[in-house]
Structures are given as structure tokens and as C-alpha cells.
Amino acid sequence: MMEALPLKQGKKGFKIVALGAQPFNGTGTAFAAGTYRNSFNNTFAFVVLDDGPDVRGNIIDALANGEFVAVLENKYKGMGKTNKGDCAFQVYGFYQGLKATEMADGKYSEDTDGGWTITMQETKTPKSGLYLFKTSYDATQKLVETLLTVAGG
């Protein structure tokens, strides 16, 4: 469990909105058996509904070569009697960084409006899950929203 997730100086988070009946299809965690140590692989899949020059230059090229952290809001939020919302926001990429494993533009795809399907993966993570939680669901949601502004001014 994490109570904070600071951004590096000058970095900014971006919001991805899941449209459609099956948002984030293909996203999840899988067990990875090792020779001497077992681990987990996190997969994060999404669509970029655009394919213009700015999108390719500023988003696609950066995704192809960078390492990222993603905070996903789960459908099941853990709204039990104690720690309500403690599993609402799951963090992917914290240990090893999410890296692109598949990227394809679908020029004629109605599913992507001619945009891109992107799959990113974090391999060999030591833990099966990592959650962001600060005292309540509402407080954590506000914390996540602060990640959408540039760190350090």
C-alpha cells in the first residue's frame, strides 16, 4: 500500500478515459514462474483515438521508448467496513516501469477511429499488487487528480 506517489520534477500525469462496454480489455496481473524466484507481470492496454502528426510525435514516439507508471481505478473498490476504497486505485509500473510491448495503428479500424492500440508491460515485479490509498477513497481520488498537473511548477 502506498500513501503518496510523487511525480519527478517537470513531469505530468495524463488521464486515460475508458470508453465502450469493455474498458481496458487485456489489463491485469499474471503469475510468472521463475527458475529460482517467482514474480508477476502487469499488463496495461489502452487505445489512442487519434493518429495525427502531433500524436505520433508527442505520444506514440514517447510511449515507444519510455518507462511509465499507471494508476488504474478498479471497478471493485473494496468498499467494506474498514479502509473503504483501499483497493480502488492500483499502481502498475512502480517496480520495473511499464514498457511498450505492442503498438499498432489501425488506419481503417472502427474500434480505434484510425488510432493506435497500445499494450505496455511491467515484467518480474516482486509483488502481485500495489495500491495507492490515502485515508479514504475520496482523499485518494483527489491525490490521483493532483498527478495531472506538472510537478515542481
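The values are calculated or read from the model by the stated rules, or taken from the named source; none is laboratory data. All values reported here derive from a predicted model rather than from experimental measurement. Cβ: placed from backbone, ideal geometry, glycine included. Neighbour counts: every protein chain shown.
Under 6 Å between Cβ atoms, which residue pairs at least 6 apart in sequence (or on different chains) link something in region 13-42 that is under 24 Å from T112 (Cβ atoms) with a partner that is modelled with pLDDT of 80 or more and among the aromatic types (F, W, Y)?
Qualifying pairs under 6 Å: I16/F46; T27/F44; N42/Y92.
Working only within region 121-150, note down all residues that are surrounded by 14 or more Cβ atoms within 10 Å (Cβ to Cβ) and closer than 13 Å to L5 by Cα.
Correct list: L130, Y131, L132, F133, K134, T140, Q141, L143, V144, L147.
I need every pair where a residue in region 83-110 that is on the phi > 0 side of the Ramachandran plot has its Cβ under 6 Å from the Cβ of a residue that is surrounded by 15 or more Cβ atoms within 10 Å (Cβ to Cβ), sequence separation at least 6 or different chains.
Going by the 6 Å Cβ cut-off, the qualifying pairs are G85/K77; G85/Y137; G93/F68; G93/V69; G93/A70; G93/E122.
Under the condition of being surrounded by 15 or more Cβ atoms within 10 Å (Cβ to Cβ) and among the aliphatic types (A, V, I, L, M), which residue from region 104-120 is farthest from the chain's Cα centre (by Cα)?
I118
Any idea which of L98, L7 is surrounded by 12 or more Cβ atoms within 10 Å (Cβ to Cβ) and over 14 Å from the mean Cα position of the chain (by Cα)?
Details: L98 fails: over 14 Å from the mean Cα position of the chain (by Cα).
From the options L98, L7, the qualifying one is L7.
Mind listing just one residue for me: the one in region 24-60 that is assigned to a loop (DSSP other than H, G, I, E, B) and out of contact with any Phe, Trp or Tyr (no Cβ under 9 Å at 6 or more places or on another chain) and, of those, modelled with the lowest pLDDT?
Here is the first cut: in region 24-60, the residues assigned to a loop (DSSP other than H, G, I, E, B) are 24-27, 33-38, 49-52.
Still in the running and out of contact with any Phe, Trp or Tyr (no Cβ under 9 Å at 6 or more places or on another chain): 25, 33-37, 52.
Working: N25: 72, A33: 97, G34: 95, T35: 95, Y36: 95, R37: 95, G52: 89.
Among those that are assigned to a loop (DSSP other than H, G, I, E, B) and out of contact with any Phe, Trp or Tyr (no Cβ under 9 Å at 6 or more places or on another chain), it is N25.
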